[in-house]
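Visitor: Below you'll find the structure I mean.
The values are calculated or read from the model by the stated rules, or taken from the named source; none is laboratory data. The shown structure was predicted, so the numbers you read here are calculated from the model rather than taken from an experiment. Here the Cβ is made from the backbone with ideal geometry for all residues, glycine too, and neighbour counts use every protein chain on show. Keep in mind that these areas ignore ligands, DNA and RNA; they rest on the heavy atoms of the full protein, side chains included. Shrake-Rupley method; radii C 1.70, N 1.55, O 1.52, S 1.80 Å.
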Amino acid sequence: MAESTGSLAAALFDTAIGVCALAWTDLGIVRFRLPESTPDAATMRGRLARAGLRETEPGELAREVIAAVRRHLSGRLDDLRWIPLDHSGIPEFHREVYRVARDIAPGHTLGYGQVAARAGRPHGAQAVGQAMGRNPIPLIVPCHRVLAADHALHGFSAPGGLATKQRLLEIERTPGFGEPMLF
């Protein structure tokens, strides 16, 4: 497991769905936070402070990530796979689950069981759910693209819960989400 270098830095930025937060080290992105239910930056700044993160001016990589996230959330989709991540301190199985999730293209989904099988633990759907619930980098590690076997929306620990998960799937034009139903 790689060791993180340098201290964590963070930035807040506006997107089409609200204020997001990004944190990074010299190795890559370590945290991402979707908007809170209250749209103000003060709430997000308080969360950063409680997490021990200092807000700073984004460097080149962070600026590129922020621009890509803004475009993505505005509907100009990017798979965001090019973004380097710092998974220091994350258990091996979780890292493998996050790798599988990053392979899911926008507009597509996999079930928890499918992710488990691809991560080498064919009967580990519940473990995948736990890994997704602890995902520190939602959207960039697209846990919103992992659904229950019946394709229903269950549990989403990011701010906004299931409403946020559905909104992200709608932005990504995922079939069955945000489309009018005939019956």
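Visitor: Let me check against my output: what whole-number percent is the relative contact order of the chain, with C-alpha pairs under 8 Å and at least 6 apart?
Guide: 20 percent
Visitor: Still on this structure: Give the accessible surface of the chain per residue, rounded to a whole number of Å², with probe radius 1.4 Å and ligands, DNA and RNA excluded.
Guide: With the other protein chains kept in place, the chain gives 50 Å² per residue.
Visitor: Take the alpha carbon gyration tensor of the range 5-122, find the square roots of its eigenvalues, order them as a ≥ b ≥ c, and report rounded if a/c is under 1.5; if not, report prolate when a/b exceeds b/c, else oblate.
Guide: Prolate shape, in that a/c is at least 1.5 and a/b is the bigger ratio.
Visitor: Using 7 Å Cα-to-Cβ label points, what is the ASP150/GLU92 separation (nm, one decimal)?
Guide: For the pair ASP150/GLU92, the computed spacing is 3.6 nm.
Visitor: Is the C-alpha gyration tensor of the range 46-183 telling us rounded, prolate or oblate? Criteria: a/c under 1.5 is rounded; beyond that, a/b larger than b/c is prolate, otherwise oblate. Write down the numbers at each step before the final one.
Guide: Values: a/c = 1.71, a/b = 1.20, b/c = 1.42.
Oblate, because a/c is 1.5 or more while a/b does not exceed b/c.
Visitor: Would you work out what percent of the accessible area of the chain, with all protein chains in place, is carbon or sulfur (probe 1.4 Å)?
Guide: Exposed carbon and sulfur together represent 52 percent of the surface.
Visitor: Can you give me the distance in nm between label points at LEU61 and SER7, each placed 7 Å from the Cα along the Cα-to-Cβ direction?
Guide: Result for the modelled spin labels: 1.8 nm.
Visitor: Looking at the chain, send over the antiparallel percent of its DSSP beta bridges, to the nearest 5.
Guide: 65 percent
Visitor: Next up: Indicate the gyration tensor shape class of the range 67-114 (rounded, prolate or oblate), computed on the Cα atoms with a ≥ b ≥ c the square roots of the eigenvalues: a/c under 1.5 is rounded; otherwise a/b larger than b/c is prolate and the rest oblate. Walk me through the intermediate numbers first.
Guide: Working: a/c = 3.28, a/b = 1.38, b/c = 2.39.
Oblate, because a/c is 1.5 or more while a/b does not exceed b/c.
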